[in-house]
Structure formats: structure tokens, C-alpha cells
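**Student:** Got a structure for you, written out below as C-alpha cells; questions coming shortly.
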Amino acid sequence: MPCDDKNTFGKFAGFTFDLTFDDIPDQVIAYAEDLLLDLIGVAAAASATDAAPIAREIAFSQFAAGAHGEAARMIFDGREASIAGAAYAGATQIDNFDGHDGYAPNKGHIGVALLPALLAFCDGRPELSGREALVNLVQGYEIATRAGAVLHATVADYHTSGAWNALAVAAMGARLRGFDREQLRQAIGIAEYHGPRSQMMREIDNPTMLHDGSGWGTLAGVTAALLAERGFTGAPAITVEADEAVEYWADLGAHWFTFEQYIKPYPICRWAHAPIDGALLLRERGALTPGDVAAIEISTFHESARLASAMPETTSKAQYSLAFPVAAAVVRGRVGPDEVLGSGLRDPEIARLVAATSVTESDTYNERFPVGRWGDVTLVLANGERLNSGPINARGGPGERVGRDEVTAKFHAFADGPIGKDRAGKISQAVFNLHDRDAKLGGLLDLVLRAS
């Protein structure tokens, strides 16, 4: 476990290199397996997005390994790219189907970078233990959460997750590749310097395939580790070593932020989840049909109110929409892959209700953000009756955790179609066996990295 060094980097290095499976509480290990399965399911569903094959093709053609370079297979593709290229492709793929985990206070996502980096660093290492894989994941969540908190506290602009995930990815590479402390210090410094400090609200206002900067953050983190391994310098990482950062790392190894990540029920920006839940609640409570509803009124916080209000033409716009997923919940009683990727984008009833949706910003809900994502929805019925959900907070986080049964059900809903029920079942079993003393990573690598 972490060493006794009093300086922050000493604590960081001790945690990176000395953390063991037995140091991590059982509930955190179990939740890390839930997070891992959820990420793989999102990656499977994301293979159907327009962005995924573009990213994989760029990785294959432009970020390929040289004749004597290390290669890694891309997620659900099977083709090889460089380690950095494969990690970039996987993170970009997951990032473009907004169903992956996140950390509410940081207003961003972590696992989207950790899973592709872990798989890329470990492809060709089937002997790696399942326990060591889980330790690397937990380590990544702990480092990225704190790096993100420091960045938010010390920089005025709201940067995407790629900016701080890069540090965790670089640290993961340092551990897996056997760095010394000085190489680690240089790696996280390089990663922080080159991590993409892209503006998140620009993407919210203009939804595209950029999403949360996770592809480039992962690329920067992997590349930083490989550069430092060869002697490239870039220290210090001020989000670790600056005086303002010290307090954020003080509880490293004692407080487990991994257990505070949320798991999304829906593949939509979580800022829209409370109204979605409200719409589903009212639909079920009133046994409503779509034709019963004449209009939808949403009350939410400022950032949520900036999500798109028009009927989306693309998957990217659908994921950063507020009116669309709430209307889909009313019409179909669900918000899943088919709504975001398929027929939902062409559903005339959903389009009718999107056009009949109004959004109001609430001071009360503003005060509860970002720790909470609160909102409420009112369904205005054709007969003039008004049904209100009451205040709702988005599910999936520490306050209302998604259990393993729901995680597994979501995984199969996302993965069974793209990769088949048999393969999905084998992945689920392999993930939930990783904590076993004799488990190896090799079986899971082959299940996730061969072509779908």
C-alpha cells in the first residue's frame, strides 16, 4: 500500500506501485467488476455508432504499430493497431455511446479511458491475473477522480474528462510496464501537459462525435507512458504536485472513490436522467398511451436545460438531448440502444412530443448540481389533466445505486444484439470471476478483442 513519503508525489507513487488486491475493500472490488461489465456492454453497443468504425479505421491506418512495434487488438474488432491507437479507438467508441459510468462532482467519466487502456496495455499478456487487472482499474478510478477534482478546483473553464483521465492512464501504464518512480513522475507530467483541455459546454451546445475528449485523453495518457519509458521528460504534473493539489490526494488509499462512480440506466447524458425517470414513473402510474399525452413540461438545472430541445437527426445529438429521451420514455416506455441508435430517431410520435416539450430552469435544482442531477416532469394530458412526477434525482450513484442484477440486465440489453447472447454470457461470467485467486485475464481479452 502507499508508502510513508510525506510529499504528494511520494504518496501518488506508493499508491501506483504498491497497491495490492488485499488493500482494496471487498465491496470496492465487487463494484469494480460491475463497472467493468457495464463498460464492455457499452463498448459492444457503441460498435453500431457512426463514430466507432471511423475511429477504428484511423487507428488501424494512421496509428498502426511499426514493423517492430508493440501492437494491440481493437475492442470487438480483432485488427491490430499500436497500443496507443487501440486505446484511442476503444475510448472513442465507448465515448460515442453515452451509457458509461461517471463521477458526479467532476461532471465527467473515467472508465471510458481505463478499459481501453487496460486492454491495450495487456493484450499479449494473457497470464496477467484477474486480480491485478482489477487493481489497475481501481487505481485508475482513484487517480482520475482526484486529478479531475483538482483541475475543476484550480481552472475556471469546464474541461472534458480526457484532460484528467490522461494521468490515470499514464499511471496504469507505469505500473503494468514496471516503471521506476522517476519514469512515473515524467509520465504523468507529460500526460497532464498533453491531455485535451477541451471545453465541455461547447460540445453540449453543438453535439458531434467529439463527446467528452476521452479518445484523445486516452491516447495522450498511453503515449505519455511510452515516451517516459524511453526517457522523455515532462514533470511535474501540477494537479499532483502543486500546493493547491495536496488536500485532494491526502486520503489516497483510505477513501475509495471507485465506489462513488455512477452507473447509468440509460445511454443518454445523465443530466437528462431525472426527467426520464419522471416520465417513466408517470407513464406506468397512469397506464398512459402516447396518445394520452399532449405536451411535456420539464423543470431542471441550468446545464441540463442547455441540452438540445429539437428532434435529433443523429445519434450524437440524441445523446445530448433533453426533450428527445423524455419523449421516447413516454412513447416507448424505455430509453435504450434502439431509441438512440435506431428507429427512435425516426419515430413520429416521439417527434410530436419533442415539439410539444418546454423546459424551465430551476434555482432549487441549480443549487443541488453537480453533486445531484435533479429535475421533475409534468405530462399535460389531452383531457387537460396535469401529472407531475415531483422532484427526482438521477439514479445510479451512491444515493440510489444500480444493483448487479440491473447492471447485468443492461449489459445483455446492450451486448446480446451486437455480439450474441452466448459470447455476452461468457464475458459476464469471466468478469465476475476475475476476483478468483487463480483467474487470468487472457480469456476475457480474447472474448472482448476479437471481431464481433
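**Student:** For Thr233, indicate whether it is of a type in the set (S, T, N, Q) and not in a helix (DSSP H, G or I). Walk me through it before giving the result.
**Tutor:** Numbers: of a type in the set (S, T, N, Q): yes; not in a helix (DSSP H, G or I): yes.
So Thr233 passes the test.
**Student:** Among the candidates Ala59, Ala52, which residue alone is over 22 Å from Gly417 (Cβ atoms), assigned by TED's automatic domain parsing to the domain that holds Thr218, modelled with pLDDT of 95 or more and surrounded by 24 or more Cβ atoms within 10 Å (Cβ to Cβ)? So that I can check it myself, show each step before the final result.
**Tutor:** Values: Ala52 fails: over 22 Å from Gly417 (Cβ atoms).
When all the criteria are applied, what remains is Ala59.
**Student:** Taking the range 168-201 as the region of interest, how many residues are assigned to a loop (DSSP other than H, G, I, E, B) and either crowded, with 24+ Cβ neighbours inside 10 Å or not assigned by TED's automatic domain parsing to the domain that holds Ala225 (or both)? Steps first, answer last, please.
**Tutor:** Within the range 168-201, the subset assigned to a loop (DSSP other than H, G, I, E, B) is 177-180, 195-198.
Filter again for either crowded, with 24+ Cβ neighbours inside 10 Å or not assigned by TED's automatic domain parsing to the domain that holds Ala225 (or both), leaving 195.
Going through the range 168-201 one residue at a time, the tally reaches 1.
**Student:** Being at pLDDT 95 or above, of a type in the set (A, V, I, L, M, F, W, C) and touching a strand residue (DSSP E or B) at 6+ places or on another chain (Cβ under 7 Å) narrows it down to one of Ile427, Ile392, Ile419, so name that one. Reasoning before the result, please.
**Tutor:** On the way: Ile427 fails: touching a strand residue (DSSP E or B) at 6+ places or on another chain (Cβ under 7 Å); Ile419 fails: touching a strand residue (DSSP E or B) at 6+ places or on another chain (Cβ under 7 Å).
Of Ile427, Ile392, Ile419, the one residue that is at pLDDT 95 or above, of a type in the set (A, V, I, L, M, F, W, C) and touching a strand residue (DSSP E or B) at 6+ places or on another chain (Cβ under 7 Å) is Ile392.
**Student:** Something else now. Residue check: is Asp376 assigned to a helix (DSSP H, G or I), surrounded by fewer than 24 Cβ atoms within 10 Å (Cβ to Cβ) and acidic (Asp, Glu)? Step through it out loud before you land on a result.
**Tutor:** Details: assigned to a helix (DSSP H, G or I): no; surrounded by fewer than 24 Cβ atoms within 10 Å (Cβ to Cβ): yes; acidic (Asp, Glu): yes.
It is false that Asp376 is assigned to a helix (DSSP H, G or I), surrounded by fewer than 24 Cβ atoms within 10 Å (Cβ to Cβ) and acidic (Asp, Glu).
**Student:** In this structure, does Ala409 turn out to be assigned to a helix (DSSP H, G or I) and surrounded by fewer than 17 Cβ atoms within 10 Å (Cβ to Cβ)?
**Tutor:** Values: assigned to a helix (DSSP H, G or I): yes; surrounded by fewer than 17 Cβ atoms within 10 Å (Cβ to Cβ): yes.
Yes, satisfied.
The values are calculated or read from the model by the stated rules, or taken from the named source; none is laboratory data. This one's a predicted model, so the numbers in the text were calculated from it and none came from an experiment. All Cβ positions, glycine included, derive from the backbone under ideal geometry; neighbour counts span all protein chains shown.
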